[in-house]
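Heads up: the structure comes next, in structure tokens.
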Amino acid sequence: MKVLKLYFLSRSDPDVLVPFLARLGEKALEQNLRMWIDIEDETLVRQLDAYLWTYRDGSFVPHGTDDDLWNRLVIAPLHGTLPAHYTAVTHVLPQSPRVNPPPQAVKIAEVHVDEDEDSDLLQARLVAYNAAGWEVETHRIMSTPNVPKSQRI
């Protein structure tokens, strides 16, 4: 079964978005998926890239910023179709009403902000996913303030 997961964040600022995307990428790797995180904003690409190097104490989430066969997790704008060796894609704050679900994909995630839930753009994307036979799950992600590592319990 092909599943589209819609994630609605209360805020789209990097303090909320970057840690959330890191968790999505890490989870995809744990599920043995090859994921492309489609981000148009170059600043956000650099922030997520840097964050994944320090995401966990003593380790990092293996990733890259280009389509290299060694990269199981790619963070970059996706121009064109998803390369055949990726089985999952995450679209971050998509701005196009058109979708083209890759035939090899088993999971697609889209990250939106709460106020976009009733937008015409999102409704057009949902119609296209439904027509392509994708099951849709919706998740609300509540933002929490970042707590420095030194203050964590």
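Every number here is computed from the coordinates shown, using simple stated rules; none is lab data. Everything numeric in this text was worked out from a predicted model, so none of it was measured. Virtual Cβ from ideal backbone geometry, glycine too; neighbours counted across all protein chains shown.
Tally up the residues in the stretch 74-106 that are of a type outside the set (A, V, I, L, M, F, W, C), touching a Leu at 6+ places or on another chain (Cβ under 7 Å) and under 11 Å from W36 (Cβ atoms), please.
4
Among T81, T65, which is the only one that is touching a helix residue (DSSP H, G or I) at 6+ places or on another chain (Cβ under 7 Å), polar (S, T, N, Q) and more than 20 Å from E137 (Cβ to Cβ)?
Details: T81 fails: touching a helix residue (DSSP H, G or I) at 6+ places or on another chain (Cβ under 7 Å).
Selected residue: T65, the only one of T81, T65 that is touching a helix residue (DSSP H, G or I) at 6+ places or on another chain (Cβ under 7 Å), polar (S, T, N, Q) and more than 20 Å from E137 (Cβ to Cβ).
Just checking, which of L33, L52 is in contact with a helix residue (DSSP H, G or I) (Cβ under 9 Å, 6 or more places away or on another chain) and either in a loop (DSSP other than H, G, I, E, B) or exposed (fewer than 14 other Cβ atoms within 10 Å of the Cβ) (or both)?
Details: L52 fails: either in a loop (DSSP other than H, G, I, E, B) or exposed (fewer than 14 other Cβ atoms within 10 Å of the Cβ) (or both).
After ruling out the rest, the residue left standing is L33.
How about the stretch 63-82: which of its residues are under 21 Å from P19 (Cβ atoms) and touching a Pro at 6+ places or on another chain (Cβ under 6 Å)?
none
Consider the stretch 1-30. How many of its residues are basic (K, R) and in a strand (DSSP E or B)?
The first filter runs over the stretch 1-30 and keeps only residues basic (K, R), leaving 2, 5, 11, 23, 27.
Narrowing the set further to residues that are in a strand (DSSP E or B) leaves 5.
Looking only at that region, the number is 1.
State which residue pairs qualify: first residue closer than 15 Å to V92 by Cα and inside the stretch 113-126, second residue of a type in the set (S, T, N, Q) in any location, beta carbons under 6 Å apart, and separation of 6 or more residues or different chains.
Once the first residue is closer than 15 Å to V92 by Cα and sits in the stretch 113-126, its partners that are of a type in the set (S, T, N, Q) give V113/S12; D114/S10.
For residues that are in contact with a strand residue (DSSP E or B) (Cβ under 7 Å, 6 or more places away or on another chain) and over 19 Å from H112 (Cβ atoms), tally how many sit in the stretch 35-49.
1
Starting from residues that are farther than 16 Å from E137 by Cβ and over 13 Å from the mean Cα position of the chain (by Cα), keep the ones in the stretch 1-13 and report whichever is surrounded by the fewest Cβ atoms within 10 Å (Cβ to Cβ).
The first filter runs over the stretch 1-13 and keeps only residues farther than 16 Å from E137 by Cβ, leaving 10-13.
From what is left, the residues that are over 13 Å from the mean Cα position of the chain (by Cα) are 10-11, 13.
On the way: S10: 13, R11: 13, D13: 10.
So the residue we want is D13.
Would you mind stating whether A109 is over 24 Å from E26 (Cβ atoms), surrounded by 12 or more Cβ atoms within 10 Å (Cβ to Cβ), touching a residue at least 12 places away in the same chain (Cβ under 8 Å) and among the small types (G, A, S)?
Details: over 24 Å from E26 (Cβ atoms): no; surrounded by 12 or more Cβ atoms within 10 Å (Cβ to Cβ): yes; touching a residue at least 12 places away in the same chain (Cβ under 8 Å): yes; among the small types (G, A, S): yes.
It is false that A109 is over 24 Å from E26 (Cβ atoms), surrounded by 12 or more Cβ atoms within 10 Å (Cβ to Cβ), touching a residue at least 12 places away in the same chain (Cβ under 8 Å) and among the small types (G, A, S).
Could you say whether any residue in the stretch 88-102 is surrounded by 12 or more Cβ atoms within 10 Å (Cβ to Cβ), within 15 Å of the chain's Cα centre (by Cα) and of a type in the set (S, T, Y)?
The answer is yes, given that some residue of the stretch 88-102 is surrounded by 12 or more Cβ atoms within 10 Å (Cβ to Cβ), within 15 Å of the chain's Cα centre (by Cα) and of a type in the set (S, T, Y).
Picking from E117, E42, which residue would you name as being surrounded by fewer than 12 Cβ atoms within 10 Å (Cβ to Cβ), of a type outside the set (V, I, T) and either in contact with a Ser or Thr (Cβ under 6 Å, 6 or more places away or on another chain) or under 18 Å from D13 (Cα atoms) (or both)?
On the way: E117 fails: surrounded by fewer than 12 Cβ atoms within 10 Å (Cβ to Cβ).
That would be E42, the only listed residue that is surrounded by fewer than 12 Cβ atoms within 10 Å (Cβ to Cβ), of a type outside the set (V, I, T) and either in contact with a Ser or Thr (Cβ under 6 Å, 6 or more places away or on another chain) or under 18 Å from D13 (Cα atoms) (or both).
Could you please give the count of residues in the stretch 55-81 that are touching a residue at least 12 places away in the same chain (Cβ under 8 Å), hydroxyl-bearing (S, T, Y) and exposed (fewer than 14 other Cβ atoms within 10 Å of the Cβ)?
Looking only at that region, the number is 1.
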